[in-house]
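Note sheet for the following structure.
The values are calculated or read from the model by the stated rules, or taken from the named source; none is laboratory data. Keep in mind it's a predicted model, so treat the numbers as computed, not measured. Don't worry about glycine lacking a Cβ; one is built from the backbone with ideal geometry, like all the others, and counts go over all protein chains shown. All accessible areas refer to the heavy atoms of the entire protein, side chains included, with ligands and DNA or RNA removed. Shrake-Rupley method; radii C 1.70, N 1.55, O 1.52, S 1.80 Å.
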Amino acid sequence: MTLIQDKELLQDYHRAIENEWIETNGLGGYASSTVIGCNTRRYHGLLIAAITPPTERMVLVSKLDETIVFNGERFELGCNNYGDAISPTGNHYLTSFTKNLFPESIYEAHDVQLKKSIVMLHDENTTLVVYEVLKSSAPFVLEFNALIASRNYHELLTETDVISQTISFESGMLSLKMNADSPEIFIHLNECSFNHAPDWYRHFEYAAEKERGQDYREDLFSPGTFSITLTEGQKITVLISTAPTEGRNANELLEKEMQRRHSITASAKGNEVMQQLLLAADQFVVQRDEDLKTIIAGYHWFTDWSRDTMIALTGLCLITDRLKDAKKILLAFAKNISNGMLPNRFQDHHLPPEYNTADGTLWYFIAINNYLEAGGSKKFVLNEMLPVLTEIIEWHFKGTRFNIHVADDQLLFAGEAGTQLTWMDAKVNDWVVTPRIGKAVEINALWYNALRIYARLLKLNGNKELSERFRKKAKFTKKKFIEIFWNEELLYLYDVVNDDIKDASLRPNQLLALGLSYPLIKGKKAKKILDVVKEKLLTPFGLRSLSPDDENYKGTYDGNIVQRDDAYHQGTVWSWLIGPYIDALFHCYGKAAKPEAQQAIHQLLLHLNNAGIGSISEIFDGDAPHKPRGCIAQAWSVAELLRVIRQYRLYDFKSNHEDFTIDK
């Protein structure tokens, strides 16, 4: 489907800035802004490059502000927030924004109708900005003012005076280098002129940063203004890159990228919803090291996390027939196993990985098993992955970091004061919001599955005696799990058990005990759990992380970082959880669950035309109307939606334009 924002919304500044787009390059870099081109985040820009893929991102070129000069009259198409004024207000010339293969905007000013498309090229730090004159009664001049940041994407720029000596322009190509720590920037437009006039534009305000309680003012540098005369039917392309662009054919670059994206959507021919989800999925699979891959957890600010990667791998790579990428991802994390643990996340600037995760390592078993089930190489799994899994199993039985160990009852204990180890991992300074120390319900559902998967792989490898030993361990683990976690009074599972302390908080974590490949709970008990979860946690956009009946429930995710982290897993809706919920539905009710599953994903499909256009947000408010929050594009949110649609054949949804317009 072509995702559309109409003229009425685009010309309403406050509504328009709630909707954003993103283009990515397979290296961890991206281009992104709002649908009206007004940057509202420090993370917005036309060229954000990952200097050491996929990390060390820098906002290099913030934006191009265009002006149409027609018969001496100036029409400024840009849009900026300076705090006390929105200037210029180029959104008033916008008549449409669409997203099919890439973002496209149409401006109408006087007798000129101009289409602007933004395309990021795969595997390089290059953005194409394509302009096509759809209508013009006479020649006109198009001017571009390039606004430069050249800074770390988490930071903001303040005016400085050490820049002007590094600017040069020759044969349509501007090159500049802001400082010793930033790469050289190249902006190229054939047959244009350039007016060298270095200057600062001061006090841009980023509304989303202000709302999040962060610093929100920035100064941007302009090296000068490009200009070119255009006529009706003419098409030009501005190349913005970290590499010299002379001699490159912009039309060929654009055609190659279009063909790449058509190949991604080919398997969903005729199903426009699936095509958009496949394009969204492609944005998260990126390079790590020379010949390996990984998954970006979310845009704009996350890099790769083991938990997110292993959960998302099935939907992003296996369901989409990208088995080679899946193999490279599994290898990338195998290289970084330490004391039987996958790294929780990789850090920038070559700092060592962090290992504070109890579940990322266990999701690795799930990902490897799913890879094998999807037709992946049996030889690779048995020769290269099984030894890694053996190391992991051995470390968990003898004990590893953060008191992660197998207890006497064969359940997995994890946690110590001051450390967050589960996916509910919010931490502010020394405050761990949801510590969950002990035997967490989803950790032990994953542990049981890890034991079953390990036993299966041992058997495939001819180790029948050892396989049977671990199958028996898993059987005992299952028996103890049901004894310890079943809450007969409330008819659902305890969330965490630590000796005699049993946390009865109603959370969605227990769904993993129902819906993974090897479920722990079946039959009547499973249906009772599902009934409670559906009543208290299910929303149109995923599942709440805590029941509204709980005294710790937070219904909105807003305010400063402390307020937001306090709400992050205390009621906030997580869209990725729709996957485990639908798994549980089908485990409980079989094919009869299909209509209910389709209804559960309906609003998430409509959400493709909201917030991060063409993708799925990380989180939503727990309270209605469930405003989207967090990352505008989240890997496991897209992956789990894509996975369940294909796995359970939930294709019978409408995809005409009326169904996918933003709510008025």
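Which of the GluC sites (Glu not before Pro) found in the range 408-490 are loop residues per DSSP with 15 or fewer other Cβ atoms within 10 Å of their Cβ?
For GluC sites (Glu not before Pro) across the range 408-490 that sit outside H, G, I, E and B with at most 15 neighbouring Cβ atoms in 10 Å, the list reads GLU416, GLU488, GLU489.
Volume per residue, Å³, of the convex hull around the alpha-carbon atoms of the range 129-248?
132 Å³
So for the range 544-591, what percent of the C-alpha to C-alpha distances run longer than 12 Å?
Above the 12 Å cut-off, the range 544-591 has 65 percent of its Cα pairs.
For the ranges 213-220, 536-543, what's the packing order if you count other beta-carbon atoms within 10 Å of each residue, average per peptide, and put the highest first?
536-543, 213-220
Accessible area of the range 529-652 with a 1.4 Å probe: how many percent of it is carbon plus sulfur?
48 percent
Tell me, which cysteines of the chain are without a disulfide-compatible partner by the Cβ under 4.7 Å rule?
Cysteines lacking a close Cβ partner in the chain: CYS192, CYS317, CYS588, CYS631.
Report Rg (one decimal) and Dmax (nearest whole number) for the range 427-478, counting Cα atoms only, units Å.
So, for the range 427-478, Rg and Dmax equal 15.9, 49 Å respectively.
What number comes out for accessible area per residue over the chain if the probe is 1.4 Å? Units Å², please.
I get 38 Å² per residue for this part.
Based only on Cα atoms, what mean projected area does the convex hull of the range 72-120 have, in nm²?
4.6 nm²
Run lengths n ≥ 4 of DSSP H only: what is the helix-derived mean residue ellipticity at 222 nm for the chain, with -39500 (n - 2.57) per run over all residues, to the nearest 500?
-9000 deg cm²/dmol
What relative contact order, as a whole-number percentage, does the chain give when Cα pairs under 8 Å and 6 or more residues apart are counted?
This gives 12 percent for the chain.
Give me the percent of accessible area attributable to carbon and sulfur for the range 50-209, probe 1.4 angstrom.
Exposed carbon and sulfur together represent 43 percent of the surface.
Defining a contact as two alpha carbons under 8 Å apart and six or more residues distant in sequence, what relative contact order in percent does the range 213-327 show?
Result for the range 213-327 is 12 percent.
Could you give the alpha-carbon Rg of the range 257-394 over 2.2 N^0.38 Å, rounded to two decimals?
Working it through for the range 257-394, the quotient is 1.07.
Arranged from highest to lowest average of other beta-carbon atoms within 10 Å per residue, in what order do the peptides 526-534, 584-592 appear?
Sorting 526-534, 584-592 by mean packing, highest first, produces 526-534, 584-592.
Step by step: find N for the range 36-141, compute 2.2 N^0.38 Å, then divide the Cα radius of gyration by it. What's the final number?
Rounded to two decimals, the normalised Rg is 1.19.
Which values, in whole Å and largest first, are the semi-axes of the equivalent ellipsoid of the range 367-419 obtained as the square root of 5 times each eigenvalue of the Cα gyration tensor?
Its equivalent ellipsoid spans semi-axes of 29, 12, 10 Å.
I'd like the Karplus ³J(HN,Hα) series for the range 117-122: coefficients 6.51, -1.76, 1.60, θ = phi - 60°, whole numbers in Hz, and an x wherever there's a Gly or Pro.
Result, ordered by residue: 10, 10, 9, 9, 7, 6 Hz.
More than 18 angstrom separation, counting every C-alpha pair in the range 397-445; what % is that?
Beyond 18 Å sits 27 percent of the P(r) for the range 397-445.
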